[in-house]
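Engineer: Can you keep this structure in mind? I'll have questions shortly.
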Amino acid sequence: MRTERKRFASKIGVWLAIIMLTASLAACSSSQDSSKSEATAATEAPMSKADSKVVDGFRTSNTTTAETADADTAAAETSQTSSGIADTSTQTDFNRQVIYTADLRMQVKDFANARNTIDKLITNSGGFLLSFTEDQSSNEMSGSFKIKVPANGFNTFIDAIDKMPDKKLSKSINGEDVTEEYADLTARLKAKEVAEARLLAFMESAKTSKDLVAFSNELAQVQEDIERIKGRMRYIDQNVQYSTINIKMYQTLNGDSSEVSLDVQPSLMKKAGNALNKSADMLVELGKAIVIVAAFLVPLLPVIGVIIFIIYIVNRRKKRTKPAPSPTSQQNDQTATSDDLNPPTDDQHT
């Protein structure tokens, strides 16, 4: 019994020792954690005080910069979200390359006044006049304009022409889409420029004069292609930016055809004058035809002369080589002729 009690007491002592050791270890760890937290708090406290002393210094500037960057990013995303489709369509329309051309034919009552109006429209639209020709005859005064106007004012210019008073107007408007051609030219230009750069590098590293000459020739051809492509692109750019308007304007000097003439039937003298004018025109056309035929035959005259000369020589030789009739044949011919003239009588037959 005593032995068992001693064993039980020893076990209790061991367990008590273990419990005390565990409690001491826990107390040490808690004290270390508390000291660390106190140190951290002590360290952060002056830092926070320093930051608060700076007020709107480093910390404030960083916060403001971050907020500004976030605001800019949000604004950019919002603008892209709100106008994404519109921007895409605008860019597509901007990249579209279309050359517009209009052909107008106008009959006016006052040629000079109409010309002044067109000149003012050209100036107001920001365009310019490429060419102008004027012609006047006894019956008509006419003029031809070739005008360049900015593409964004093309329709405005046409509408202004359409609103001009005292005129008859016929118009034709055409558009040529050169977007595909322009894209092809751009790709070809990039390829040619890459080839040009490579040839220049090859020329710098060329070791023989033969290689240098070969590279130089190829480079000249590539540069010529580049200039040709750039010239075509400049032409497209200019014609896309400025549309072309061709105007044919004329005035009838004998009176506007829209007005009713009191002299419906032409007079006898007028008819005679018209007939005389037509006859003169026919004679002029006949003279022109004769001149044209003569001009056509002039190169053939030597050939025709040679042919005629050959025919003349052949006929002359045939006449010389023809045999002369003999005296006997001539006498027989004379006898036959006399017999034919004097037929035999009945007594001679008997």
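Nothing in this text is a laboratory measurement; each read-out follows from the coordinates by a stated rule. Model, not experiment: these values are computed from the prediction. Every residue, glycine as well, gets a Cβ built from its backbone with ideal geometry; the counts of neighbours run over all protein chains shown.
Engineer: Filter LYS248/LYS270; LYS109/LYS168; LYS168/LYS278; LYS171/LYS278 down to the pairs with a C-alpha to C-alpha distance above 21 Å, please.
Structural biologist: LYS248/LYS270; LYS168/LYS278; LYS171/LYS278
Engineer: Using r as the Cβ-Cβ distance of ASP184 and ILE313, and R0 as 56 Å, what FRET efficiency do you calculate, to the nearest 0.05?
Structural biologist: In this case the efficiency is close to 0.20.
Engineer: Then there's this: Testing the spin-label approximation: label points 7 Å from Cα along Cα→Cβ at SER131 and ARG228. State their distance in nm.
Structural biologist: 2.5
Engineer: Note the full-extension length gain between ARG320 and LEU301 as 0.36 nm times their separation in residues minus their Cα-Cα distance, in nm to one decimal.
Structural biologist: Extending this stretch completely gives an extra 4.0 nm.
Engineer: With label points built 7 Å along Cα→Cβ from the Cα atoms of ASP237 and ALA289, find their separation and express it in nm.
Structural biologist: Reported label-point gap for ASP237 and ALA289 is 5.6 nm.
Engineer: Here's a follow-up. Per residue of region 279-288, in order, report the coupling 6.51 cos²θ - 1.76 cosθ + 1.60 (Karplus, θ = phi - 60°) as ³J(HN,Hα) in whole Hz, putting x for Gly and Pro.
Structural biologist: Per-residue couplings from phi come out as 5, 4, 4, 5, 5, 5, 5, 5, x, 4 Hz.
Engineer: Continuing with the same structure: For ASP119 and ASN174, compute 0.36 nm times the residue count separating them, minus their Cα-Cα distance, and round to one decimal in nm.
Structural biologist: Contour length minus Cα-Cα distance gives 17.5 nm.
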